[in-house]
Structure formats: structure tokens, C-alpha cells
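A.B. asks: Take this structure first; my questions come after.
The values are calculated or read from the model by the stated rules, or taken from the named source; none is laboratory data. All of these numbers come straight from a predicted model, not from anything done at the bench. For neighbour counting, all protein chains shown are included, and Cβ atoms are generated from backbone atoms with ideal geometry for every residue, glycine included. Accessible surface is based on the protein model in full, side chains and every heavy atom, while ligands, DNA and RNA are left aside. Shrake-Rupley method; radii C 1.70, N 1.55, O 1.52, S 1.80 Å.
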Amino acid sequence: MDFNVKKLASDAGVFFTRAVQFTEEKLGQAEKTELDPHLENLITRADSTKNWTEKILKQTEVLLQPNPIDHTGARIEEFIYDKLDKKLPSRTTNAELLGQYMLDAAIEFGSDTPYGKTLITVAEYQKRLGGAEREFLHTSAVTFLSPLRNFLEGDWRTISKERRLLENRRLDLDICKARLKKAKLAEAKAAATPDFQETRPRNYVLSASASALLSEEVDKAEHELRVAQTEFDRQAEVTRLLLEGISSTHLNHLRCLQDFAEAQATYYAQCHHYMQDLQRELNRCANAVSAPHSSASVCPNPVSPAFLSGPASSGAAVPAASSSSSQKPVTLAMEQSQLPVTGARKARVLYDYDAHDTSELSLLADELITVYTVPGMDPDWLIGERGNEKGKVPVTYLELLS
């Protein structure tokens, strides 16, 4: 190892000088060059941006990965894959893991039993929720977390480096100012108090030589001050340009925040949609089990055979259940068309909705439809009409108009 003693001694001397200078400034015993108000405001705004970006980034990571242990491990894994320049593998979510456990339990308990069929149904929707969560995590990491992290690890490091250089230039400028002030005081003192006892020609020559040296010291200090002032002004301009870029950073983070909110809205809408579908499936199972001497006495299985990772279930039971369930919505739609109408009114559709059977009506966001209810109908549903089309629609997807 090449150990440079001279450089180490020089760095130690500079460090000691800076420490003494900072202490004297804090005690008011040394002159300090103040930055212009505009630059001070930019520095304050940049510090605030950095601090709040760190807090938002950290809390967003906690929101997306609540478990501190898993959060730390995930960050380490992301760091390693990033350094290796490799794509991070897809991570199984807790909902997907729960769905797999339910599916394994259903296979062991018997997929043809009511409990087993219900486990399979819930497992499917848990896996759908897990898939939606994984997509939300990926979208949030790309559109929101990465830009914030890039600012802290890239732009802010550059800004911090230039600010440290500016601080060093300011300290050098203050040292030059103090040195010039000291040289001028020495020159003025020598000119104001001459030595009248020096009567010999040799002493006059020595006195003139000392005055020339003091004058030369003043000229040298003035030159160093001009150089230090030029370097300080140049560095202040560079720092100012970088700090003014914080406004562009705010605009970029604004777009990222909008993308994050949109990803959240999409994720929660998907979860709400999946849970509504799951509730309908569970209600159908409950009605099928509670109906005595009915062809639908076995809980219908909405899951495709490919969803089962274990032994295939009975092939005859599934088609039978699906055929009975396909006939049931048609009968339900006919019964609803014969029931009396109550409370017809207009409604605006909030979200797109795809009908799951012939008894339901597909919806498009922002369209206007006529809705009403019928006696004995589920309060979470209404009958919607659009032209010649009619069917059940979920209340949560509508904004009822007066």
C-alpha cells in the first residue's frame, strides 16, 4: 500500500484549520461570508425535499412490505440483484400462499365434499387477490419507489457534493479575507509608528525593506482574495443551477405520485370486484346446500379442472353442476321480469362491470342507466335497464341520481 505521509499531513492540517475556523465562526470571533438570500432559500427547500422524500420512501416501503424482517430481507435481495444487473424473481404473496394451502387442504379433505368445494372456490379467489397484489407491488416499485430512490441516490448525492465544494470555497474565501485584513493592519501599524531612533543609514535601508515586504504581502493577499472570490462565485452558480432543478424533481415526483394513486385505485377495485364475486359464489353454494331435494343440492364448482394441482375431481359432477347453474340464471331473470317494479330512478355507472351470467347486465363507466328494485331482492343489487337490455347490477358500481 502506497502511504503518502506528506498528503496525510496536509489533509490533517486542512482539517484542523477548518475545525478552528468553524469554532471561531460559531463563537462570533471570525468573519463569515453569507450566501445570498435566494441561494439560502434554495438550500432550505432542497433539504426539506430530501428529508420528506426519505420519509415518504421509507413509509411506502413499510406499507407495501409491512413485516420488518421481510422488508429488510426484500431490500437486501433487491440490492444484490441490482448490483448483479439481474431481474428480480417474482415473489409469492401471502394471499397466493394461503390459496395454495386451502387448495392442498381441499384435495386432502375431498374436493367433492361441500367443504372441499368451498375451499377450492376461496383458494381461487385468494390466488387472484395475490396476483393483483403482486402486480400492484411491481407497479408501485417501478413508477413510484424507483424514482424516489434514484433521486436520493443520484441527484441528491451530486447536489451534496457541490454544496460541500461551495462550503470549502466559502471557507477559503474567509481565510483570504482574514489574511488580507491582517496584512493591511500590519502595514498600517508600521506606517503609523516609525522608529525615530534609527538615525544610521543602514537602519533606514532596513526600514524601507520591511515596508516593501509588508506592501508585497498586502498585494499577494489581495490577489489570493480575488482568486478565491472568483472560485466561490463560480461554485455558487453551479450549486444554484443544481438546486433550481429541485422544481423539476417536484414535477417528476408529482407524476409518480399520480401513477402510484392510480395503481392503488386499480388494485383496490380489483380486490373489491374479486370479493364480490366470491360472496356471490359462496351465497350460491349456501343456497344449493340448503335447498332440499334439488338437483343443485351439491355446491356448484366455479373452478376449472386445470386449477386443481392434485388428482382430478369427478368429471360428471362438474358439468352437471355447471348445467344446473346455467339454467338457474335464466329462470331467475324470468322471475324478476314478472315481479313488480318499485322506485325506478336514474344512476350513473362508476366503474366498468362484466356480467357473470345472463341474469346480470354489463356496465360501462360514466353511462346512465335506469335502476329499480323488486321485492325480496338482495339489497346489494338492483335491476338495471339500458334500452332493451335488462339485468342485475351491483349497487357499489353505481351513483344514484335524484
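A.B. asks: Take E281 and tell me if it is surrounded by 16 or more Cβ atoms within 10 Å (Cβ to Cβ), modelled with pLDDT under 90 and within 36 Å of the chain's Cα centre (by Cα).
C.D. replies: Here the answer is yes, as E281 does meet what is asked.
A.B. asks: Let me ask another. Select from the stretch 111-123 the residues that are buried (at least 21 other Cβ atoms within 10 Å of the Cβ) and either among the charged types (D, E, K, R) or farther than 13 Å from L282 by Cβ (or both) and list them in ascending order.
C.D. replies: S111, G116, K117
A.B. asks: Residues being within 35 Å of the chain's Cα centre (by Cα) and part of a loop (DSSP other than H, G, I, E, B): count how many of those fall in the stretch 357-367.
C.D. replies: 5
A.B. asks: Mind checking which residues of the stretch 101-116 are in contact (Cβ under 8 Å) with a residue 40 or more places away in the chain and out of contact with any helix residue (DSSP H, G or I) (no Cβ under 7 Å at 6 or more places or on another chain)?
C.D. replies: Residues satisfying the conditions are D104, I107.
A.B. asks: Do we have R157 as closer than 30 Å to L213 by Cα, open to solvent by 30 Å² or more (accessible area, probe 1.4 Å) and assigned to a helix (DSSP H, G or I) here?
C.D. replies: For R157, the condition - closer than 30 Å to L213 by Cα, open to solvent by 30 Å² or more (accessible area, probe 1.4 Å) and assigned to a helix (DSSP H, G or I) - is not met.
A.B. asks: Which pairs have Cβ atoms under 8 Å, sit 6 or more apart or on different chains, and link a residue in the stretch 142-155 that is among the polar types (S, T, N, Q) to one that is open to solvent by 40 Å² or more (accessible area, probe 1.4 Å)?
C.D. replies: Close Cβ pairs satisfying both conditions: T143/D259.
A.B. asks: Which of (1) over 18 Å from R91 (Cα atoms); (2) in contact (Cβ under 8 Å) with a residue 24 or more places away in the chain; (3) assigned to a helix (DSSP H, G or I) does Q126 not meet, given it meets every other one?
C.D. replies: (1)
A.B. asks: Suppose we keep only residues that are free of Cβ contacts under 8 Å to residues at least 60 places away in the same chain and either in a loop (DSSP other than H, G, I, E, B) or of a type in the set (A, V, I, L, M) (or both) within the stretch 37-64. Which one would you say is surrounded by the fewest Cβ atoms within 10 Å (Cβ to Cβ)?
C.D. replies: L63
A.B. asks: Are any of the residues in the stretch 91-111 more than 30 Å from K55 (Cβ to Cβ), of a type in the set (S, T, Y) and at pLDDT below 90?
C.D. replies: So far as the stretch 91-111 goes, yes, one or more of its residues are more than 30 Å from K55 (Cβ to Cβ), of a type in the set (S, T, Y) and at pLDDT below 90.
A.B. asks: Give me the residue from the stretch 348-391 that is open to solvent by less than 30 Å² (accessible area, probe 1.4 Å) and in contact (Cβ under 8 Å) with a residue 40 or more places away in the chain and, out of that set, farthest from R284 (Cα to Cα).
C.D. replies: Here the answer is V349.
A.B. asks: Moving to a separate point now. Hey, among E108, E96, which residue is open to solvent by less than 40 Å² (accessible area, probe 1.4 Å), among the acidic types (D, E), more than 30 Å from L42 (Cα to Cα) and part of a helix (DSSP H, G or I)?
C.D. replies: Step by step, each of E108, E96 is checked, and only E96 is open to solvent by less than 40 Å² (accessible area, probe 1.4 Å), among the acidic types (D, E), more than 30 Å from L42 (Cα to Cα) and part of a helix (DSSP H, G or I).
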